Amino acid sequence: MLAAPPGVLFMAIPKRLLARAVDRNAVRRVAREAWRAAGVGEVPVAVMLRMTALPAARGARHLKALVRAELDAALRAMSGRLAGR
């Protein structure tokens with residue numbers, strides 16, 4: 001029997017919100033970390049992460065912490081909904 005395909009995470013982080021590529025890549029790295037930590041990648045689901053507003057951060061480290069906290073909450077809620085399938 002074939003196993004289900006793994007979950008996929010798509011990301012759209014526009015240049016108009018984070019002009020520096022370093023910052024966009026940092027957000028992508030944090031998002032991948034949160035995705036793996038949540039364990040959603042084992043469920044066959046596709047998720048689109050789209051950054052629509054810039055959090056009020058006081059530097060790169062604070063931006064990463066804010067993004068991670070928001071992603072953790074969103075992925076926790078999503079995994080709860082997926083468990084109820």
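Of note, residue 5 does not satisfy the criterion of being part of a loop (DSSP other than H, G, I, E, B) and in contact with a His (Cβ under 9 Å, 6 or more places away or on another chain). Of the residues making up the range 37-85, just one is under 19 Å from residue 13 (Cβ atoms) and among the hydroxyl-bearing types (Ser, Thr, Tyr), namely 52. Taking the range 1-40 as the range and being closer than 13 Å to residue 51 by Cα, charged (D, E, K, R) and within 14 Å of the chain's Cα centre (by Cα) as the test, the residues that pass are 24, 28. Taking first residues from the range 47-61 that are over 27 Å from residue 79 (Cα atoms) and partners that are surrounded by 14 or more Cβ atoms within 10 Å (Cβ to Cβ) and of a type in the set (D, E, K, R), the Cβ contacts under 7 Å between residues at least 6 apart in sequence or on separate chains come to 60/23. Residue count for the range 25-46 satisfying the condition of being under 12 Å from residue 75 (Cα atoms) and touching a residue at least 40 places away in the same chain (Cβ under 8 Å): 6.
Out of the range 9-24, which residues are surrounded by 12 or more Cβ atoms within 10 Å (Cβ to Cβ) and more than 14 Å from residue 79 (Cα to Cα)? Passing the criteria: 11, 13, 14, 17, 18, 23, 24.
Within the range 25-50, the residues that satisfy the criterion of being small (Gly, Ala, Ser) and either assigned to a strand (DSSP E or B) or surrounded by 15 or more Cβ atoms within 10 Å (Cβ to Cβ) (or both) are 26, 31, 34, 38, 41, 46.
Quick one: count up the residues across the range 42-85 that are of a type in the set (Val, Ile, Thr) and closer than 26 Å to residue 5 by Cβ. Result for the range 42-85: 3.
Every read-out reported here was derived from the displayed coordinates using simple, explicitly stated rules and does not represent laboratory data. Please read all numbers here as calculations on a predicted model, not as lab measurements. No Cβ is skipped: glycine too gets one built from the backbone with ideal geometry, and neighbour counts run over all protein chains shown.
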